[in-house]
1. With only alpha-carbon atoms counted, please give the Rg and Dmax of region 1-149, in Å.
2. Could I have the simple spin-label model distance between Ser187 and Leu126, label points 7 Å from Cα toward Cβ, reported in nm to one decimal?
3. Going by a ≥ b ≥ c, the root eigenvalues of the Cα gyration tensor, does region 78-235 fall in the rounded group (a/c under 1.5), the prolate group (a/b larger than b/c) or the oblate group?
4. Round to a whole number: what % of the accessible area of the chain belongs to carbon and sulfur, probe 1.4 Å?
5. Give me the mean projected area, in nm² to one decimal, of the convex hull enclosing the Cα positions of region 57-131.
6. Where is the GNM fluctuation largest for the chain (alpha-carbon springs, 10 angstrom cutoff): Tyr176, Tyr93, Tyr33?
7. Using a Gaussian network model of the chain with C-alpha springs under 10 Å, which one of Lys128, Lys107, Lys136 is most mobile by mean-square fluctuation?
8. Under the classification rounded if a/c is under 1.5, otherwise prolate if a/b is larger than b/c and oblate if not, where does region 18-91 fall, given a ≥ b ≥ c as square roots of the Cα gyration tensor eigenvalues?
Amino acid sequence: MERFYQNTAARVFLALVCCALWGSAFPCVKIGYEMFQVEGAGSQILFAGYRFFLAGVLTFILACGLERRLVVIRRSSLPYVFGQGILQTTVQYVCFYIGLSNTTGAKGSVINASNAFFAILVAHFLMKSEKITWQKAVGCVIGFAGVIVINLAPGGLGGGFHLAGEGLILLCSFAYGTSSVTLKLISDRESPAAITAYQLLFGGALLILIGILAGGQVGHFTPSSTLLLIYLALLSTIAFTLWAELLKYNPVGKVTVFGFSIPVFGVALSALLLGEDIFRLQNLAALALVSLGIVVVNLQTGKPAEALQNEAG
């Protein structure tokens, strides 16, 4: 499996599948707010908790099936996996769910692209083998420029920058980028599926607790709304499990850079599912910039591909 996940074509394809799934979450969460009549921060956090705890249950079942045993983690791994759950699930999605309610799905997905920049920056300081090269630096600057462009008023998707909306999405992106690095750092302690399952269970349970304490309520469960919730949970199960496998066998920057494609999927699906107006020069320029960031960061540095793979091992 190591050779498969290190294969360039497989890595690119699977990373883009993950990003497409995450991109679909932006419009689907906003649709979920309407279906479940979610109002207020407490209810938004509780809704997130239901999604990610269910995702944890599904991931645990999947892990047990793949490994043909009851998946448990060692006691020595508990602090690391629970810490990952706080950062990757609880902190990230408190910011995401509240922030997304105060901006558009398309704009939120573009801002979220900055997670790749944060991941590369954090990896530079925490991992000796993940130093920033000039290609990474230029690519990140170009990609992050797209985030700036989308927030320039007037004409942005939603108009301007607000701390309760775009600000929280940006903080969510920082948590997401950082969690990609910490996931890489703890990936040798347990199997990727086990880490993903338990961090989702712990992070999701904590979200539910916070939502309840904040007075949150989620009702109006219908066949349609329930199917949407199951889809949101499944996309997290599939995307997080694949992402963890990719990070285990590849350098962080070679995986997380594809986070720049999330806004492409998010914007397109927000236009399709929510009817948001995206066809403006400013919006298209922002998408072009974040897409160009992917190309620049992945330019061949002259270092043999075999060397990059050996570093990942």
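1. Expressed in Å, the Cα Rg and Dmax of region 1-149 come to 18.0, 49.
2. Inter-label distance under the simple model: 1.3 nm.
3. It is oblate, given that a/c is not under 1.5 and a/b is not larger than b/c.
4. Reported share for carbon and sulfur atoms: 70 percent.
5. 7.5 nm²
6. In the Gaussian network model the winner is Tyr33.
7. Answer for the Gaussian network model of the chain: Lys128.
8. Details: a/c = 2.38, a/b = 1.73, b/c = 1.37.
Taking the square roots of the gyration eigenvalues as a ≥ b ≥ c, region 18-91 is prolate.
The values are calculated or read from the model by the stated rules, or taken from the named source; none is laboratory data. Bear in mind that the values here come from a model prediction, so they are computed numbers and not experimental data. Reconstructed Cβ throughout: ideal geometry from the backbone, glycine too, with neighbour counts over all protein chains shown. Note: accessible area is taken over every heavy atom of the protein model, side chains too, but ligands, DNA and RNA are not part of it. Shrake-Rupley method; radii C 1.70, N 1.55, O 1.52, S 1.80 Å.
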